[in-house]
Each structure stands twice: as C-alpha cells, then as structure tokens.
1. Using +1 at the C-beta of Lys and Arg and -1 at the C-beta of Asp and Glu, which of 47, 150, 115 has the Cα lying farthest in the positive direction of the dipole of the chain?
2. Two-decimal Rg/Rh of region 1-118 from alpha-carbon positions, Kirkwood Rh?
3. With a cut-off of at most 16 other beta carbons within 10 Å, and DSSP calling the residue loop, which GluC sites (Glu not before Pro) in region 1-69 qualify? Please list them.
4. Return a whole-number percent for the relative contact order of the chain, with Cα pairs under 8 Å and 6 or more residues apart as the contact set.
5. Quickly estimate the mean residue ellipticity at 222 nm for the chain, helices only: each DSSP H run with n ≥ 4 gives -39500 (n - 2.57), and the total goes over all residues, rounded to 500.
6. Any idea of residue 116's accessible area? Nearest 10 Å², probe 1.4 Å.
7. Leaving out ligands and nucleic acids, and using a 1.4 Å probe, what accessible area per residue does the chain come to in Å²?
8. Specify which residue in the list 86, 74, 98 is farthest towards the positive end of the charge dipole of region 66-171, using unit charges on the beta carbon of Lys, Arg (+1) and Asp, Glu (-1), about the Cα centre.
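The values are calculated or read from the model by the stated rules, or taken from the named source; none is laboratory data. Note that the coordinates shown come from a computational prediction; the quantities given were computed from them, not determined experimentally. When we count neighbours, we look across all protein chains shown, and the Cβ atoms used for this are built from the backbone with ideal geometry, even at glycine. Side chains included, ligands, DNA and RNA excluded: accessible areas come from the protein's heavy atoms. Shrake-Rupley method; radii C 1.70, N 1.55, O 1.52, S 1.80 Å.
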Amino acid sequence: MEIKRTLCEKIEIPKTKGLDPITVILEDFEPARGQITIRCWDDVWTGYWGGMGDRKISEFFCSCDHHYLAKKISRLKADIPDYKAFRCQLRKTIGKRLADRDLSKANGKKLLQELMECEGIEEQSDYNYGLFSRIYNHGDWMFDIPQKINHEYEYLCRIIDAVKDVLKQGA
C-alpha cells in the first residue's frame, strides 16, 4: 500500500461578526490542484479544484464569488419553497378561477374543501399533485410555488466572506 503525505494549513477564526468559530483547512496538492475544508459548529463544507492556474487554493478561493463557492462546496440553494405562502396562493388561485368563471362554484367549493383537508404543506413530500394540478388547471404548477430566502445559504455565504477576509490578510 502506497501512502502519500501532504502538508495542510489550518486556520482558526474565532467567533466574530455573528458567526460561530470557523476552522479552515487548506491543501495545495500540486500546482493548480487544491482543496479547502471549512467547518463551522457542526457543519462541514469542502471543495476541490483541479484547474486553478498558477494560484494556491487560498488565492483561488479569494478570487471567486461567494455564490459560486457556496454552490461548489454545498448543496444548499439560495431560495427555498415558501410553503405558507404557497398554501395562501392555492386559495387565491381558486378564488381567481371562480371570479374568472373558469371554475364552477360547486367545483371551487370542492377544491377548497380538499385543500382544507390537506395537512400542512411543509415539504415536497406533502404535495398533493392531483389536487394542485386541478387547482391550477395545469400540471406545471411546481413552477408557481413562491420562494423565500434560504437563511442557511445566507449563513454559509457569510462564513465564506469571513474566510475570504482572513485569507486576504495572509493569516
């Protein structure tokens, strides 16, 4: 078994700017290839780049936009479904279809009753695809779901910015 040892740089950033303490591990494997690992509280994110030009991982990381980095090191999305607003939107859609006379009063009442019987819509597994398709009168209603800011994604972007600030200082 062949064992290869590499040198890593570890940086510890104390609690700051409303963030928990952050640990950063930088690994430059060879020119143009490197990896960064960021740990904050009990979350860990890591990213590998195999084509950074002649830069070190710290230089490359600092040159990138935090949105690009967040998408590279995590699966978090900037926006997530707003289920509370979606439920309200479903009721409004029934009302609009009734007002537009695109839906009979009896069918509108039936749809509202079915919607009221639905438990809370808290995640995609709670979707009643048949009901929602009937409410919207089409099968592409998933594109109509309101979105809201994902605070976990925003927190990660703040962590990335803090790491970039420290790396730019040459810590």
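1. Checking the options against the dipole of the chain, the answer is 115.
2. On the way: Rg = 25.2 Å, Rh = 18.9 Å.
When Rh is taken as the Kirkwood radius, the ratio is 1.34.
3. Numbers: sites: 2, 9, 12, 27, 59; in loops: 2.
Taking region 1-69 and a limit of 16 other Cβ atoms within 10 Å, the loop GluC sites (Glu not before Pro) found are 2.
4. Numbers: 202 pairs, mean separation 35.2, N = 171.
Dividing the mean separation by the residue count of the chain yields 21 percent.
5. On the way: 6 runs with 71 residues, N = 171.
Mean residue ellipticity, 222 nm, calculated: -13000 deg cm²/dmol.
6. Taking all protein chains as shown, residue 116 has close to 130 Å².
7. Numbers: 11310 Å² over 171 residues.
So the chain comes to 66 Å² accessible per residue, rounded to a whole number.
8. Positive-most Cα among the choices belongs to 98.
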